[in-house]
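What follows is a single structure, written as structure tokens, with notes after it.
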Amino acid sequence: MKKIIISLLFLTFVLQVLSQDFRCSISISAQRISGTNTEKFNGLQQELYKFVNDRKWCQYTLKMDERLECSILITLDKQTGDVYRANMTIQLQRPVYKSNYKTTVLNFLDKDVQFNYVDGDPLEYAEGSNISQLTSLVAFYLNLFLAVDFDTFALNGGIPYFSKCQEIINLNQSAVEIGWKVFESGQNNRYWLMENFTNPAYSKFHDFLYQYHRLGLDVMAETPEVGRAAILESLRLLQQVNQQRTALYLMTIIVQTKQQEIINIFKEGTPSEKQQVIQIMKQIDPSNSTKYDAINQQN
């Protein structure tokens with residue numbers, strides 16, 4: 001009997017390990033909320049960690065070293081009863097083939113976060129319904145992580161997860177909470193993020209993610225000159241999107257995420273590569289144009 005119980009416990013543990021898709025750090029900062037009940041938010045942080053890391057989100061069985069490395073930092077700004085206004089810092093990393101280097105794929109701030117939370121409330125979520133604004137928000141970003149990560153490994157590999165993100169956007173069109181609708185925050189919210197990702201006119205964003213990471217970074221350990229050439233071509237794809245329409249929200253996110261990495265990569269480039277990259281980046285990221293002059297500086 002004892003052996004059976006041990007075997008069942010082991011099986012439960014194995015199934016739980018197999019079900020995990022993320023190695024995701026979850027943090028909640030409540031320093032801006034006066035009279036904060038620290039225990040309450042510590043408990044919520046622990047529950048969110050389990051919600052993210054113990055559920056099955058991906059349709060594939062990922063190996064231990066294939067789990068997505070990401071982080072979500074929720075900074076609470078204001079409390080009115082059980083309603084919280086906050087922002088979320090969103091970050092996704094990806095290992096680079098045959099190296100110890102991890103590249104940051106997404107790194108941006110969602111300023112339009114609002115949700116209800118009562119201490120002790122269970123964190124419930126079901127696809128196709130909007131049970132909880134907090135879990136819908138987190139589920140949106142987890143599916144975005146999957147979508148973008150899969151796009152970096154296979155051309156248009158993230159399509160199923162972009163579809164799930166769009167479904168969550170659609171479910172929230174009648175929600176009172178902010179950040180989901182076409183007319184909010186100019187064109188810098190979750191609605192417009194998905195519009196940029198799913199609009200066929202901007203399909204080169206997906207080509208960029210694949211070419212920059214899989215054809216560029218992933219070959220640099222063995223053939224850095226080939227990797228740099230692929231990355232340069234991927235930046236031309238961004239330039240083409242920018243020529244169609246400037247100041248897209250997704251373009252802003254990509255350049256702020258990749259800016260320093262691009263500078264570091266092309267410091268090792270040829271004079272011709274440096275000149276071309278500086279020209280491209282100053283065109284698509286004019287507000288930071290002077291930063292790209294650092295490409296010409298010696299390491």
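The values are calculated or read from the model by the stated rules, or taken from the named source; none is laboratory data. Everything quoted here is computed from the prediction, not taken from an experiment. Cβ atoms come from the backbone with ideal geometry, glycine included; neighbour counts cover every protein chain shown. Accessible surface areas use protein heavy atoms only, side chains included; no ligands, DNA or RNA. Shrake-Rupley method; radii C 1.70, N 1.55, O 1.52, S 1.80 Å.
Here is how the numbers come out for the structure above:
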| quantity | calculated |
| --- | --- |
| Out of SER174, SER132, SER185, SER163, sole residue that is surrounded by fewer than 21 Cβ atoms within 10 Å (Cβ to Cβ), within 18 Å of ALA247 (Cβ to Cβ) and not hydrophobic (A, V, I, L, M, F, W, C) | SER185 |
| Selected residue (only one of GLN243, GLN211 is free of Cβ contacts under 8 Å to residues at least 40 places away in the same chain and either basic (Lys, Arg) or surrounded by 14 or more Cβ atoms within 10 Å (Cβ to Cβ) (or both)) | GLN211 |
| Residue satisfying condition, being surrounded by fewer than 18 Cβ atoms within 10 Å (Cβ to Cβ), closer than 15 Å to ALA230 by Cα, of a type in the set (D, E, K, R) and over 21 Å from the mean Cα position of the chain (by Cα), within set GLU268, GLU261 | GLU268 |
| Selection from region 188-208 of residues that are touching a residue at least 60 places away in the same chain (Cβ under 8 Å) and open to solvent by 50 Å² or more (accessible area, probe 1.4 Å) | ASN188 |
| Single residue of GLN59, GLN114, GLN79 found to be touching a Phe, Trp or Tyr at 6+ places or on another chain (Cβ under 8 Å) and not in a helix (DSSP H, G or I) | GLN114 |
| Which listed residue is over 22 Å from PHE162 (Cβ atoms) and in contact (Cβ under 8 Å) with a residue 24 or more places away in the chain, from PRO224, PRO286 | PRO224 |
| Complete set of residues in region 135-160 that are open to solvent by 10 Å² or more (accessible area, probe 1.4 Å), over 23 Å from ASP54 (Cβ atoms) and not hydrophobic (A, V, I, L, M, F, W, C) | ASN156, GLY157 |
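So that you can scan it fast, the table gives a plain yes or no per residue for (1) open to solvent by 40 Å² or more (accessible area, probe 1.4 Å); (2) out of contact with any Ser or Thr (no Cβ under 9 Å at 6 or more places or on another chain); (3) at pLDDT 85 or above; (4) part of a strand (DSSP E or B):
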{"site": "LYS3", "(1), (2), (3), (4)": "yes, yes, no, no"}
{"site": "SER7", "(1), (2), (3), (4)": "yes, yes, no, no"}
{"site": "THR12", "(1), (2), (3), (4)": "yes, yes, no, no"}
{"site": "LEU18", "(1), (2), (3), (4)": "yes, no, no, no"}
{"site": "ILE26", "(1), (2), (3), (4)": "no, no, yes, yes"}
{"site": "PHE41", "(1), (2), (3), (4)": "no, no, yes, no"}
{"site": "GLU47", "(1), (2), (3), (4)": "yes, yes, yes, no"}
